[in-house]
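*Asks:* Take this structure first; my questions come after.
The values are calculated or read from the model by the stated rules, or taken from the named source; none is laboratory data. Note that the structure is a prediction, hence the values are computed from the model and not measured. Cβ coordinates were reconstructed from backbone atoms using ideal geometry, including for glycine residues, and neighbour counts include every protein chain displayed. When the accessible area is computed, the model is the full protein with side chains, heavy atoms only, and any ligands, DNA or RNA have been set aside. Shrake-Rupley method; radii C 1.70, N 1.55, O 1.52, S 1.80 Å.
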Amino acid sequence: AQLGKELRNAVLASSSSSRGAIDVYVAGEWRIDKLHREYKLLTNSLNTQSYFPDIADYYTIRNSMNRLYRSWADARAHSWNELCEGERFAVVPELAQRGFFSRSVLPHIKAGRKTALVLVDALRYELGEDLAELLADYSNGGKLLSAMLAELPTITAVGMTALMPVENAGMLDPVFDKSGKKILGFRSGERQVSDPKSRLASLSDAVGTSCEWVSLKDFLDASDKPLKKYVASSLLVITTRKIDTQGENDDEDFGIDYFQPVLARLREAVEKLRSCGFERILITSDHGFLIGDDTVENAVGSRIEGAERRHAFDIPRNGDRLCSVLLADL
């Protein structure tokens, strides 16, 4: 009922800009994605139960709700693409992923604040709202959460690398494989930044001192000498792929919210970081995701030769389900 109400009240009025569309989502539309996630978990748990009365009505209602959500999500996606095409995919500077390091990390380093950067693969905005609620005790009354736009294409090689100090005067210099069809990362000066090792090196170059890089699990398990090593640095990077992995593997089939334990462990990490003297703790992500259900259709994009996941480097193609953009515009 809550999901239905939110969808019914959602106004698909066209925004005049991508920034306007972002503001509408942040102001409250994110609740639709949150409710759909909870609805999917709840209804999937019923799939594992034995036959119950009125099961035919249940399936009719469930499928209707999923179609209603899919219609909303598709309409939002079409509207967003049109706005971006109209603006030639111009990035909103204050929300651009490529400016994250200089905007949100570097000022703390320059001020001498002990800083931790937590990279959570696929932490979408509505999960960020859940996490902010878990961390409300540390907010001092301020808003902990802000939106950021993922660079295109929305894959880890692009998003995680764009969070590093690879921007040059607002521009990114992409690195492709030999075929020119797969993006590996970005260049930063003479350095090719495309994996955790090179990302760590780029951070060390930018802050002028050595940094530490550790998985969330290893950090939470660490004590004594290993922990001292991790927390000795002025910039510590903690990473986890758990949310992305669970979303990809469709782990929510049995009605258990596998995302919530990850959020709880992130709170645990925040508490441990604070006890270790970290003054600034920044939690961010590379991209979001959509939860699938039985209404999802394979779009024509997946049938393009050389298509990889959500994109393809190819000749320009446009249509009802395709949107092309020049690399120069990105």
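*Asks:* For the structure I just gave you, tell me whether V105 is among the β-branched types (V, I, T), under 30 Å from E297 (Cα atoms), modelled with pLDDT of 95 or more and crowded, with 16+ Cβ neighbours inside 10 Å.
*Replies:* Spelling it out, it is not the case that V105 is among the β-branched types (V, I, T), under 30 Å from E297 (Cα atoms), modelled with pLDDT of 95 or more and crowded, with 16+ Cβ neighbours inside 10 Å.
*Asks:* Still on this structure, please answer the following. Which residues, counting only those in segment 295-330, are hydrophobic (A, V, I, L, M, F, W, C) and either exposed (fewer than 14 other Cβ atoms within 10 Å of the Cβ) or at pLDDT below 75 (or both)?
*Replies:* V296, A299, V300, I315, L326, L327, A328
*Asks:* Within the bounds of segment 55-67, is there any residue that is out of contact with any Gly (no Cβ under 8 Å at 6 or more places or on another chain) and closer than 28 Å to T161 by Cβ?
*Replies:* Checked against the condition, which is being out of contact with any Gly (no Cβ under 8 Å at 6 or more places or on another chain) and closer than 28 Å to T161 by Cβ, segment 55-67 yields no hits at all.
Residue-by-condition table, conditions (1) free of Cβ contacts under 8 Å to residues at least 40 places away in the same chain; (2) at positive phi; (3) β-branched (V, I, T); (4) touching an Asp or Glu at 6+ places or on another chain (Cβ under 6 Å):
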site: N9; (1), (2), (3), (4): yes, no, no, no
site: D33; (1), (2), (3), (4): no, no, no, yes
site: L41; (1), (2), (3), (4): no, no, no, yes
site: S45; (1), (2), (3), (4): no, no, no, no
site: I55; (1), (2), (3), (4): yes, no, yes, no
site: Y58; (1), (2), (3), (4): yes, no, no, no
site: D74; (1), (2), (3), (4): yes, no, no, no
site: C84; (1), (2), (3), (4): no, no, no, no
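*Asks:* Further question on the same structure: Could you check segment 146-170 and list, in sequence order, the residues that are without any contact (Cβ under 8 Å) to a residue 40 or more places away in the chain and under 21 Å from A312 (Cα atoms)?
*Replies:* Within segment 146-170, A157, T161 qualify.
*Asks:* Still on this structure: V158 - would you say it is open to solvent by less than 60 Å² (accessible area, probe 1.4 Å) and in a strand (DSSP E or B)?
*Replies:* No, not satisfied.
*Asks:* Let me ask something additional. Please note which helices (runs of 4 or more DSSP H) are completely contained in segment 1-89 and include at least 2 residues that are open to solvent by 80 Å² or more (accessible area, probe 1.4 Å), farther than 21 Å from S146 by Cα and of a type outside the set (A, V, I, L, M, F, W, C).
*Replies:* The helices (runs of 4 or more DSSP H) meeting that bar are 2-9, 55-86.
*Asks:* Turning to a different aspect of this structure: Can you work out which of the residues in segment 113-130 that are of a type in the set (G, A, S) and modelled with pLDDT of 95 or more is nearest to the chain's Cα centre (by Cα)?
*Replies:* Residue satisfying both the conditions and the ranking: G128.
*Asks:* Can you name the residue in segment 126-145 that is open to solvent by 40 Å² or more (accessible area, probe 1.4 Å) and touching a residue at least 40 places away in the same chain (Cβ under 8 Å) and, of all such residues, is farthest from A27 (Cα to Cα)?
*Replies:* Among them, the one singled out is Y138.
*Asks:* Right, another one. Spot the failing condition for E94; the list is (1) at pLDDT below 90; (2) of a type in the set (D, E); (3) closer than 30 Å to D195 by Cβ, and only one is missed.
*Replies:* Going through (1) at pLDDT below 90; (2) of a type in the set (D, E); (3) closer than 30 Å to D195 by Cβ one by one, E94 breaks only (1).
*Asks:* Same structure again: Given the residues R267, R274, which is the only one that is open to solvent by 80 Å² or more (accessible area, probe 1.4 Å), over 17 Å from the mean Cα position of the chain (by Cα) and at pLDDT 90 or above?
*Replies:* Exactly one residue qualifies, and that residue is R274.
*Asks:* Does at least one position in segment 90-103 carry a residue that is among the hydroxyl-bearing types (S, T, Y) and within 18 Å of the chain's Cα centre (by Cα)?
*Replies:* No: segment 90-103 contains no residue that is among the hydroxyl-bearing types (S, T, Y) and within 18 Å of the chain's Cα centre (by Cα).
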